[in-house]
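Encoded as structure tokens, the structure appears first; notes follow it.
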Amino acid sequence: MIPAVLPTYNRAPLAFVKGEGSWLTTEDGARYLDLGAGIAVNVLGHANPDLVETLTTQAQQLWHVSNLYRIPEQERLAAQLVEATFADTVFFTNSGTEAAELAIKMVRKYWTEQGDPDRIEILTFEGAFHGRSTGAIAAAGSEKMTKGFGPLMPGFRSLPFGDHDALRAALTDRTAAVLIEPIQGEGGIRVLPDACLKGLRDLCDETGALLVFDEVQCGMGRSGRLFAHEWSGVTPDIMMVAKGIGGGFPLGAVLATERAAVGMVAGTHGSTYGGNPLGCAIGARVMELVNDDAFLAEVNRKAALFSQKLEGLVAAHPTVFEAVRGTGLMLGLKCRAPNTDVVKASYAENLLTVPAADNVLRLLPALNIPDADIAEAVARLDRAASRIEADAA
Ligand SMILES: *Cc1c(COP(=O)(O)O)cnc(C)c1O
């Protein structure tokens, strides 16, 4: 018999009832150290007192009114994002997938406005992940996500990752846009080198194609900058954000330049919940706390500490791990043992990690994880690796 919850997930047999900082407690009172942070969502840890205060204060005032009216909290968060980034304008969603949908629509509308409505091809990259809507699965194009859901939305072409020649050949003056994650998350913490982002920007400028960054996972301080593309000095025309932006409250956004957003006039797009007062009040507080030089300097210091310890771990367990990758606190351990075995062995050490493609173990802690918890996490990974070595012996 089908369970009451549609069985689309392979869930671990763990149920958490309370969280505090980087720790989660199960129904039975067992404590787990959390290096997943709800898949890069809880950037300030669980039950962050600042965010609890913001949420409860706003909850007593106003939750939801719809976009039939002005929403001051939404205007405030939009102003913060515009002030801090390349963008001139922001649309709020409740998820990354919805942000992807709008990004795709915005590209199509842009070319319609230019009098070239047939210019629809969006180039994407192998290993990409942009969400689970019909548009987002067509964009990513992987068989795993698209099988059985055809016919797929037309207008996407997937290129090999990091292959400049293939990109050069594909990117023409008929290309509508290029859609890319500056650091692939689901694809296995694959960092696009700064030179590639620069080259991509140049090719887009030459051909007129719009450059769209998906920073749903790598954004909001995770890379050690507010947004990962800042490391390269290159800016996009459109950017998708979600996950960390609400610190655990469902919130997403599309940021765009005035030029890219030219077609998005009244009536062209909307959302019932998107940009509600509750979500935006929390998002504004997350922005205040994360978009802060001292906070981001700490992310980078913690990231250096963590990756140095992880290098030691890889050296100590060469049959389990192969290499450390990533930027900031978006870290990955490329594994030699199956990454799912390492996830399971980590559960046995009360440690939560997240698998990704390319046999990578993702480590996406809260951005304010205490140094002591980083040390504890590495000690637990060390014991997890020893378990796998003992099983193999
Ligand atoms: C998670 C993710 C999405 C989809 O976000 P949802 O909130 O799950 O809809 C899109 N792009 C990237 C890069 C992601 O990591």
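The values are calculated or read from the model by the stated rules, or taken from the named source; none is laboratory data. Just so you know, these numbers come straight off a predicted model, no measurement behind them. Cβ: placed from backbone, ideal geometry, glycine included. Neighbour counts: every protein chain shown.
One residue stands out in the stretch 140-166 among those that are assigned to a helix (DSSP H, G or I) and of a type in the set (D, E, K, R): the one that is surrounded by the fewest Cβ atoms within 10 Å (Cβ to Cβ), namely 143. Criterion first (surrounded by fewer than 20 Cβ atoms within 10 Å (Cβ to Cβ) and within 20 Å of residue 170 (Cβ to Cβ)) does residue 108 satisfy it? Yes: the conditions hold for residue 108.
Any idea which of 29, 45, 21 is touching a Gly at 6+ places or on another chain (Cβ under 9 Å), more than 18 Å from residue 279 (Cβ to Cβ) and assigned by TED's automatic domain parsing to the domain that holds residue 355? 21 is the lone residue from the list that is touching a Gly at 6+ places or on another chain (Cβ under 9 Å), more than 18 Å from residue 279 (Cβ to Cβ) and assigned by TED's automatic domain parsing to the domain that holds residue 355. With respect to the conditions (1) in contact with a Leu (Cβ under 9 Å, 6 or more places away or on another chain); (2) free of Cβ contacts under 8 Å to residues at least 40 places away in the same chain; (3) surrounded by fewer than 24 Cβ atoms within 10 Å (Cβ to Cβ), residue 219 falls short on a single one, namely (3).
If the condition is being of a type outside the set (Phe, Trp, Tyr) and touching a strand residue (DSSP E or B) at 6+ places or on another chain (Cβ under 7 Å), then the stretch 132-163 contributes 138, 139, 140, 141, 155, 157, 158, 159.
When you check residue 247 against the structure, is it within 16 Å of the ligand (Cβ to nearest atom) and over 30 Å from residue 73 (Cα atoms), yes or no? So residue 247 does not fit the description; no.
Yes/no per residue for (1) within 16 Å of the ligand (Cβ to nearest atom); (2) surrounded by fewer than 18 Cβ atoms within 10 Å (Cβ to Cβ); (3) free of Cβ contacts under 8 Å to residues at least 24 places away in the same chain; (4) within 18 Å of the chain's Cα centre (by Cα):
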position: 138; (1), (2), (3), (4): yes, no, yes, no
position: 177; (1), (2), (3), (4): yes, no, no, no
position: 183; (1), (2), (3), (4): yes, no, no, yes
position: 192; (1), (2), (3), (4): yes, no, no, yes
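I'd like to check something: does the stretch 107-128 contain any residue that is of a type in the set (S, T, N, Q), within 14 Å of the ligand (Cβ to nearest atom) and in contact (Cβ under 8 Å) with a residue 24 or more places away in the chain? Yes, the conditions are met somewhere in the stretch 107-128.
Between 379, 385, 337, the distinction of being in a loop (DSSP other than H, G, I, E, B), at pLDDT 95 or above and over 25 Å from the mean Cα position of the chain (by Cα) belongs to 337 only. Of the residues making up the stretch 336-390, those that are free of Cβ contacts under 8 Å to residues at least 12 places away in the same chain and of a type in the set (D, E, K, R) number 1. Within this structure, residue 206 fails the test of being of a type in the set (Asp, Glu), without any contact (Cβ under 8 Å) to a residue 60 or more places away in the chain and in contact with a strand residue (DSSP E or B) (Cβ under 9 Å, 6 or more places away or on another chain).
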